[in-house]
Amino acid sequence: MLAVSASPRLTFSAQPNVLLILADDLGYGDVRCYNAGSKVATPNIDKLASEGMRFTDAHSPATVCTPTRYSVMTGQMAFRVPNGGTVFTGAGGPSLIAPGRLTLPAMLKQKGYSTAAVGKWHVGLTFRDSDGKPIHEGGLEAIRRIDFSRRIEGGPLDHGFDRFFGTACCPTTDWLYAFIEGDRIPTAPKQSLDRSTLPKHAYANDCRGGLIAPDFDMQEVDMRFLKQSREFIAEHARNSPQKPFFLYHATQAVHLPSFAGKDFRGKSP
């Protein structure tokens, strides 16, 4: 699901601030503003819809992660580029976005916007090993070969974003369980994921057995993303209220595995 909010009240600029939320695998009927019979209450999304605009004839560029995100970032259908239908895992890449291709954040930067991305990137990037060779494979052995002291190439900072906090691929699925800040992983994954410690339910079996960083809480990933986005907005309001911002917030939910954070357990069936 894509949700776009433009609020001129948050800035003194004539240009509106823009928050774009990309929610993974959220079905059309999963939110109450589109389906009164939805099993999960979505009051905040419903409020956004009631105060703004609902789209009832919308189309996704693809049914899976990577090509959808490529098209959102570039405005180009992913099948027009080599490997455009690929879904990256682990250290997968390189970026599908060619150097120099105009992206949504780069276009907004040309119009004076501050730009930030929080959450799942999943358009491909390049890690290197200790010899400087690029790593573009999924799987555990590829993760073990990463030299985490090196800069990550082809990520959000190379495609129009001023700031980034998030993950390379699907946050709780794809081998590399670590947060990227800017173009580096400050806390490297060192331990193997122990899946026996994860919640036991039908939707908790989608975590590949990769490496996990000590600060990566599988059940609180979306709350960490939310904290980062809120901090960006608050900092921007303090330091640059005269300048508009573009914030791209890409959630983990509701992509499997569906772990409920501690504040939400037992809130719905």
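The values are calculated or read from the model by the stated rules, or taken from the named source; none is laboratory data. Nothing here was measured: the structure is a model prediction, and the numbers come from that model. Positions of Cβ are generated from backbone atoms using ideal geometry, with glycine treated the same way; all protein chains shown enter the neighbour counts. These accessible areas exclude ligands, DNA and RNA; they are computed on the full protein's heavy atoms, side chains included. Shrake-Rupley method; radii C 1.70, N 1.55, O 1.52, S 1.80 Å.
Summary of values
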quantity	calculated
Residue match in segment 102-114 (condition: part of a strand (DSSP E or B) and closer than 21 Å to Phe232 by Cα)	yes
Residue check, Phe216 touching a strand residue (DSSP E or B) at 6+ places or on another chain (Cβ under 6 Å), farther than 30 Å from Arg101 by Cβ and part of a loop (DSSP other than H, G, I, E, B)	yes
Identity of the residue in segment 109-127, touching a strand residue (DSSP E or B) at 6+ places or on another chain (Cβ under 6 Å) and under 16 Å from Phe88 (Cα atoms), that ends up surrounded by the fewest Cβ atoms within 10 Å (Cβ to Cβ)	Thr126
Matching residues in segment 239-269 - criterion: being within 19 Å of Phe164 (Cα to Cα) and β-branched (Val, Ile, Thr)	Thr251
Count of segment 115-136 residues which are of a type in the set (Phe, Trp, Tyr) and in a loop (DSSP other than H, G, I, E, B)	1
Single residue of segment 177-189 satisfying the filter (assigned to a strand (DSSP E or B) and open to solvent by 10 Å² or more (accessible area, probe 1.4 Å)) that is nearest to Ile135 (Cα to Cα)	Arg184
For His249: the one exception among (1) over 20 Å from Ala91 (Cβ atoms); (2) out of contact with any Ser or Thr (no Cβ under 9 Å at 6 or more places or on another chain)	(2)
Verdict on Gly90 being touching an Asp or Glu at 6+ places or on another chain (Cβ under 6 Å) and part of a loop (DSSP other than H, G, I, E, B)	yes
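Condition check ((1) modelled with pLDDT of 90 or more; (2) touching a Phe, Trp or Tyr at 6+ places or on another chain (Cβ under 6 Å); (3) surrounded by 15 or more Cβ atoms within 10 Å (Cβ to Cβ); (4) not β-branched (Val, Ile, Thr)) across all residues:
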position	(1), (2), (3), (4)
Asn17	yes, yes, yes, yes
Leu26	no, no, yes, yes
Thr42	yes, no, yes, no
Asp46	yes, no, yes, yes
Ala49	yes, no, yes, yes
Gly52	yes, no, no, yes
Ser60	no, no, no, yes
Cys65	yes, no, yes, yes
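Residues are listed down the side, and each one gets a yes or a no for (1) of a type in the set (Val, Ile, Thr); (2) over 30 Å from Leu140 (Cβ atoms); (3) in contact with a Ser or Thr (Cβ under 9 Å, 6 or more places away or on another chain); (4) not in a helix (DSSP H, G or I):
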{"residue": "Gly29", "(1), (2), (3), (4)": "no, yes, yes, no"}
{"residue": "Val40", "(1), (2), (3), (4)": "yes, yes, yes, yes"}
{"residue": "Phe55", "(1), (2), (3), (4)": "no, yes, no, yes"}
{"residue": "Ala58", "(1), (2), (3), (4)": "no, yes, no, yes"}
{"residue": "Thr68", "(1), (2), (3), (4)": "yes, no, yes, no"}
